[in-house]
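This report concerns only the one structure given below.
Every number in this text was worked out from the coordinates using simple rules, so none of it is lab data. Nothing here was measured: the structure is a model prediction, and the numbers come from that model. Methodologically, a virtual Cβ is constructed for each residue, glycine included, from the backbone with ideal geometry; neighbour enumeration extends over all protein chains shown.
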Amino acid sequence: MSSAAREELLKLATSISKERLRTYESQQQNLALSIDLYHWNIVLSQSAYLPLHILEITLRNHVDQCIRREKGGQWLLQNVDWLLDYDRSSIKQAITKLQGRLDSVSHSDVVPSLSLGFWVGLFDARYDNIWRTNIFRAFPNLPKGRDRQDIQKKCKNINYFRNRIAHYEPIFKRTLRLDYENMTTMLDWICPTTRNWLHGKCIFLSNLRGFYSYCTSNNIVLDYTRKIHY
């Protein structure tokens, strides 16, 4: 490598920060390969946006529809007493922010203003009474023997994965095919048509194959020793 190329890499490393690159350097001491790994992490994160996007919207819409049947069509605005304090607070904060820019706030305005974490939280055991009678309305293709706990487990892992991407954190050490399968399985339980549409549009698996090929070509052995919960 020329001195000019080396200088460019050092400048780039400074922009990214040594602290941020440390995870990638732990995989490969070569600075150029470490920056390549950093770029691959961005590529994989970017391509995960589509399945995350479709899943989050599909999940919250189907959950909302189920709760509307149980608690009324305007439950986010009129009927939140049954929720835990933390969840009521999340709704109140969302409404307050909306009131700062809208003349009037509707139920449909509040739904997308709530985080994925809020919707995932509704699968907590303390809301089990909701799902005893509604689980198959929200998840009509849920396999026999699966229940709220299975949905909660997958949702928590997907939310964790989403948050790592949203905060530009490393994901390349994860078993990424399993992350993808978690998202598509959830979609399949809700709406196979949506899942099939996603699978035809998504480039995540293609990028993942490219990443693994890159690692093989450069003798990069990924460390999966950190415990990851699925």
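The fewest-to-most ranking of 158, 35 by surrounding Cβ atoms within 10 Å reads 35, 158. Counting neighbouring Cβ atoms within 10 Å and putting the fewest first, the residues 75, 82 line up as 82, 75. Modelled this way, with points 7 Å down the Cα-to-C-beta line, the labels at residue 124 and residue 137 are 2.2 nm from one another.
Put simply, the C-alpha atoms of the chain give a gyration tensor, and the ellipsoid matching it has half-axes of 39, 21, 15 Å, longest first. State which entries of 71/153; 71/173; 11/173 exceed 32 angstrom in Cα-Cα distance in the structure shown. The pairs that break the limit, which is 32 Å between Cα atoms, are 71/173.
The helix-only estimate of mean residue ellipticity at 222 nm for the chain, built from DSSP H runs of length n ≥ 4 each weighted as -39500 (n - 2.57), is -22500 deg cm²/dmol after division by the residue total.
Placing +1 on the Cβ of every Lys and Arg and -1 on the Cβ of every Asp and Glu, with no other charges, gives the chain a dipole of roughly 340 debye about its Cα centre. Return one number: the angle in degrees, 0 to 90 and rounded to the nearest 10, between the long axis of the Cα atoms of helix 176-190 and the longest principal axis of the Cα atoms of the chain. Helix 176-190 sits at roughly 20 degrees to that axis. Centre-to-centre, using Cα atoms only, the stretch 83-107 and the stretch 179-202 are separated by 30 Å. Ignoring aspartates and glutamates fewer than eight residues from residue 92 along the same chain, the ones with Cα atoms less than 18 angstrom from its Cα are 64, 81, 103, 109.
For the chain, the longest principal axis of the alpha carbon atoms and the long axis of helix 31-71 meet at an angle near 0°. Need the list of lysines near residue 201 for cross-linking: C-alpha distance under 23 angstrom, and skip anything on the same chain fewer than eight residues off. Result set, ordered by chain and number: 154. Neighbour counts of C-beta atoms inside 10 Å place 101, 174, 68 in the sequence 101, 68, 174, starting with the fewest.
What FRET efficiency comes out for residue 214 versus residue 166 if R0 is 25 angstrom and r is the Cβ-Cβ distance? Round to the nearest 0.05. Write out the running numbers ahead of the final one.
Details: r = 24 Å, r/R0 = 0.98.
The value I calculate is 0.55.
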